[in-house]
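Below is one structure, written out as C-alpha cells; the observations come after it.
Read-outs: derived from the displayed coordinates by stated rules, not from any lab. The shown structure was predicted, so the numbers you read here are calculated from the model rather than taken from an experiment. Cβ coordinates were reconstructed from backbone atoms using ideal geometry, including for glycine residues, and neighbour counts include every protein chain displayed.
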Amino acid sequence: MTISCLSSSSEETLRIGKELGQGLEPGMVVLLSGELGSGKTVFTKGLAQGLGIADPDLITSPSFIIMNIYPARVPIYHIDLYRIDDIRGLESAGLEEYLGGDGIAVVEWGEKLPRSYLPESCIKINFEMTGEEDRRITIFGPARFIPERLQNTGQ
Ligand SMILES: Nc1ncnc2c1ncn2[C@@H]1O[C@H](COP(=O)(O)OP(=O)(O)OP(=O)(O)O)[C@@H](O)[C@H]1O
Ligand SMILES: [Mg+2]
C-alpha cells in the first residue's frame, strides 16, 4: 500500500518515524529517498526511537563511513549511500549481510541499491520538500507494517 503524510516540523517527522519503527520486524529493509536535507536522517532518528534505542543522539548521518550500527530492540544498520557511485564496490564491504538479516537496515539514498540486494518485502519512503519546514513523506510497503494511525491520517 502507499500512504502519504504531511509533516510541518522535524518533531512531526520524528513522530512518524517512531510510529513506523514500533511495528518493524527483524530482516526489514527501509529505503529512504529524497534530496539533501529532506529529512531522511531525522526520520531515522524517530525510527530508532520506535525500535527502543536508548540514546537517539547516537544517530548521525554515516556519510563518511557508510554504516553505523545502533543497539536497540534489534540491531539497526544505518547505511548512507550518498557518496557511493558504484554499488558493486560495496560487495567487498559485505553490505549484503546487513540487508534482510538479524536486524533492521535503514538505507539513505536507498534507490542506489540494486533490487537483487533486497529482501522480498521492504519499505520505501520518499521525502519531498514542499516548503522550508514542510515535507511530504510517502511510504510504500506491506500494509501490516504501516501503523493504522498513519493510514488514517494519510492523504
Ligand atoms: N518537517 C521536517 N522534517 C524533517 N526535517 C526538517 C523538517 N523541517 C525542517 N527540517 C530540517 O531539515 C533538515 C533535515 O536534515 P536531515 O539530515 O534529516 O536530511 P537528510 O535527508 O538526511 O539529508 P542528507 O541527504 O544530507 O543526508 C534538518 O536540519 C531539520 O531540522
Ligand atoms: Mg542524512
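Things worth noting here:
- Only Lys, Arg (+1) and Asp, Glu (-1) charged, at Cβ; the chain dipole about Cα centre in debye: 280
- Cα-based reach from LYS45 at 13 Å (exclusive), listing aspartates and glutamates while leaving out same-chain residues under 8 positions away: GLU11, GLU12, GLU19, ASP55, ASP57, GLU108
- Rounded to 5, the percent of DSSP beta bridges in the chain classed as antiparallel: 50
- Relative to the longest principal axis of the Cα atoms of the chain, helix 10-22 runs at roughly 70 degrees.
- Only Lys, Arg (+1) and Asp, Glu (-1) charged, at Cβ; segment 13-80 dipole about Cα centre in debye: 120
- A DSSP coil position with no more than 11 other Cβ atoms inside 10 Å describes the following GluC sites (Glu not before Pro) in segment 1-63: GLU35.
- In terms of overall dimensions, the chain has a Cα radius of gyration and Dmax of 14.3, 43 angstrom.
- Most positive-pole-ward Cα, ILE69, GLY23, ILE79, against dipole of segment 4-101 from beta carbon charges: GLY23
- Averaging Cα coordinates gives a centre for segment 82-132 and one for segment 4-63; these two points are 14 Å apart.
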